[in-house]
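Below is one structure; the comments refer to it alone.
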Amino acid sequence: DAMVIQNPRYQVTQFGKPVTLSCSQTLNHNVMYWYQQKSSQAPKLLFHYYDKDFNNEADTPDNFQSRRPNTSFCFLDIRSPGLGDAAMYLCATSRDNRVRDVAKNIQYFGAGTRLSVL
Amino acid sequence: AQTVTQSQPEMSVQEAETVTLSCTYDTSESDYYLFWYKQPPSRQMILVIRQEAYKQQNATENRFSVNFQKAAKSFSLKISDSQLGDAAMYFCAYKGAQKLVFGQGTRLTINP
């Protein structure tokens, strides 16, 4: 009964070869997030969707893009992966992030996709 | 911008003992939430406990409790009766009007 599912768990790609990571959720949450987490570091937010409204972080490289075709699915596209993009990528969801209600702001995480770049 | 600081990169504790993980944060907001997340090796991050800033009472979830000191901007996590399954990376996180901000994490080892 996993609620936030990321596929694949491990992904190997070649330097410069586009790669797509996927995330799905069964929680029907409005908000979906993508984080990059490097070894023993805190997760770094790349962007999030509030429903269909895309919100990019100012320091997210243009190499990273995202799509959310429907409520349940969200994709992370890395157009030209570099060696520095090797990391764990975490997807998370929350019911909301614009209202003052702690329960709605709780983020639920997937198990992550570990990306290796050769 | 808000910042979250976890000053203990690593901690260890004997099984069945109690351990406290430290977290401090910096903010000018008066209304916010604080969380402790647990990330076991190769497994998903899960919420351990949450605290609303307007609540004076410290949150408790079974063996997990917090010491929330709003004036000092401190939010420590106490784990009682530590178990082997508590071994993980623990992240303190702050949520105000903007995005969730994580500390750098504390790696907790449980010694049998």
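The values are calculated or read from the model by the stated rules, or taken from the named source; none is laboratory data. Being a predicted model, the structure only gives us computed values, none of them experimental. Cβ: placed from backbone, ideal geometry, glycine included. Neighbour counts: every protein chain shown. To get the accessible areas, we keep the full protein, side chains included, count just its heavy atoms, and leave off ligands, DNA and RNA. Shrake-Rupley method; radii C 1.70, N 1.55, O 1.52, S 1.80 Å.
Below is a table of values for the structure above.
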quantity	calculated
Difference of contour (0.36 nm per residue) and Cα-Cα distance, B:A97 to B:A72	7.0 nm
Simple spin-label estimate for A:D51 and A:M3 in nanometres, 7 Å along Cα-Cβ	2.2
Peptide B:97-105, shielding by other chains (average Cβ, 10 Å cutoff)	4
Cβ-derived FRET efficiency at R0 41 Å, B:R107 paired with A:T60, nearest 0.05	0.95
Under 16 Å from the B:Q14 label point (7 Å along Cα→beta-carbon), backbone N, region B:61-96	B:80-84
Separation of alpha-carbon centers, region A:1-43 and region B:67-91, rounded to whole Å	27
GNM flexibility winner over chain A from A:D96, A:D59, A:D51 (Cα, springs under 10 Å)	A:D59
Modelled FRET efficiency - R0 30 Å, A:T26 with B:T3, Cβ distances, 0.05 increments	0.30
Summed buried accessible area for B+A [probe radius 1.4 Å, Å², rounded to 100]	1900
Straight-distance crosslink candidates among lysines, where the alpha carbon sits under 24 Å from A:K17 and sequence neighbours closer than 8 are dropped	A:K38, A:K44
Lysine pairs in region B:29-112 with Cα atoms under 16 Å, if 8 or more residues apart or on separate chains	6
Most mobile listed residue (B:L100, B:L77, B:L21) in chain B, GNM with C-alpha springs under 10 Å	B:L100
Net length gained if the chain between B:S42 and B:K55 were fully extended (0.36 nm per residue, minus Cα distance)	1.3 nm
Estimated distance in nm for a label pair at A:Q14 and B:F64, the labels positioned 7 Å out from Cα along Cα-to-Cβ	4.4
Residue-level accessible surface for A:Y33, protein heavy atoms, 1.4 Å, Å²	10
Cα centre as origin, Lys/Arg/Asp/Glu Cβ charges: chain B dipole, Debye	240
Options A:Q65, A:F75, A:F54, ranked by Cα towards positive dipole end of chain A, top entry (Cβ charges)	A:F75
